[in-house]
Structure formats: structure tokens, C-alpha cells
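To start, the structure under review is shown below, and the notes come after it.
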Amino acid sequence: MAHVLAAVLRAAMVERLAGLTTTDFGNLTSAVREILELHQPDCKGRCRECTGWPRNRKFPCRVWLIAHRHLLIPPPNQEVRHVRH
Ligand SMILES: [Zn+2]
């Protein structure tokens, strides 16, 4: 049953993201900010949310790495091109 709910949630999220308009970006930004806040490192440099054994995962966890990959690394077609003078 859990996998059906996960599939429904995933499908709804994919559809929602595909239909984003400019005015939706504020909500998306707030959601990403809130998610990243949950995954801040603790005083020992470990993610507060991502559990592992015997302790939580090291920071940056996968959530931060995914955010970094999608938000900070430019896609290949948008990389800065060096212009020769
Ligand atoms: Zn995490």
C-alpha cells in the first residue's frame, strides 16, 4: 500500500512541477528553503534529519548535494564561455 501512495505522491509532484508558472516560484523557493533548513548540520557536522548507523549522515547530505547540483551548478548549455579578445 505504501508504494501505491508513494507513486501517487510522486506523480502528483511531477505534474505539479511541470505546470509551474512564474508566480509559483515563490512557493517553490519557500519549500526548498524549508527542506534545506531541516537538513542543516548539527554541532558535530552531521545532518539533523538523515539518519544512518550509528549516527546521522555527514553534512552535506544527499538533500544538499541534490540542491547544489540543480541550483548552483549550471547546466552544460549555460556554462560560462570564455571569449578570446
Ligand atoms: Zn539530510
* Can you name every residue in segment 35-72 that is closer than 30 Å to Phe25 by Cβ and β-branched (Val, Ile, Thr)? -> Ile35, Val63, Ile66
* To do: Return a yes/no flag: does segment 31-51 have any residue that is more than 16 Å from the ligand (Cβ to nearest atom), farther than 19 Å from Leu65 by Cβ and not acidic (Asp, Glu).
  => no
* To do: Working only within segment 24-65, note down all residues that are of a type in the set (S, T, N, Q) and surrounded by 14 or more Cβ atoms within 10 Å (Cβ to Cβ).
  => Asn56
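Yes or no: Arg46 at pLDDT 85 or above and in contact with a Lys or Arg (Cβ under 8 Å, 6 or more places away or on another chain)? Write out each step before concluding.
Details: at pLDDT 85 or above: yes; in contact with a Lys or Arg (Cβ under 8 Å, 6 or more places away or on another chain): yes.
So Arg46 passes the test.
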* Could you run through segment 7-40 and say how many residues are in contact with a Phe, Trp or Tyr (Cβ under 7 Å, 6 or more places away or on another chain) and either more than 18 Å from Val63 (Cα to Cα) or part of a helix (DSSP H, G or I) (or both)? => 1
* Asked: Restricting attention to segment 60-78, and to residues there that are over 16 Å from Glu37 (Cβ atoms) and assigned to a loop (DSSP other than H, G, I, E, B), which single residue is nearest to the ligand (Cβ to nearest atom)?
  -> Leu72
* Enumeration of residues in segment 41-59 that are assigned to a loop (DSSP other than H, G, I, E, B), in contact (Cβ under 8 Å) with a residue 12 or more places away in the chain and on the phi < 0 side of the Ramachandran plot -> Asp42, Glu49, Cys50, Asn56, Phe59
* To do: Would you mind telling me which numbered condition in (1) assigned to a loop (DSSP other than H, G, I, E, B); (2) away from the ligand (no atom under 16 Å from the Cβ) Val4 fails?
  => (1)
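The values are calculated or read from the model by the stated rules, or taken from the named source; none is laboratory data. Everything numeric here is computed off the predicted structure, so don't read it as measured data. Backbone-built Cβ (ideal geometry, glycine too); neighbour counts: all protein chains shown.
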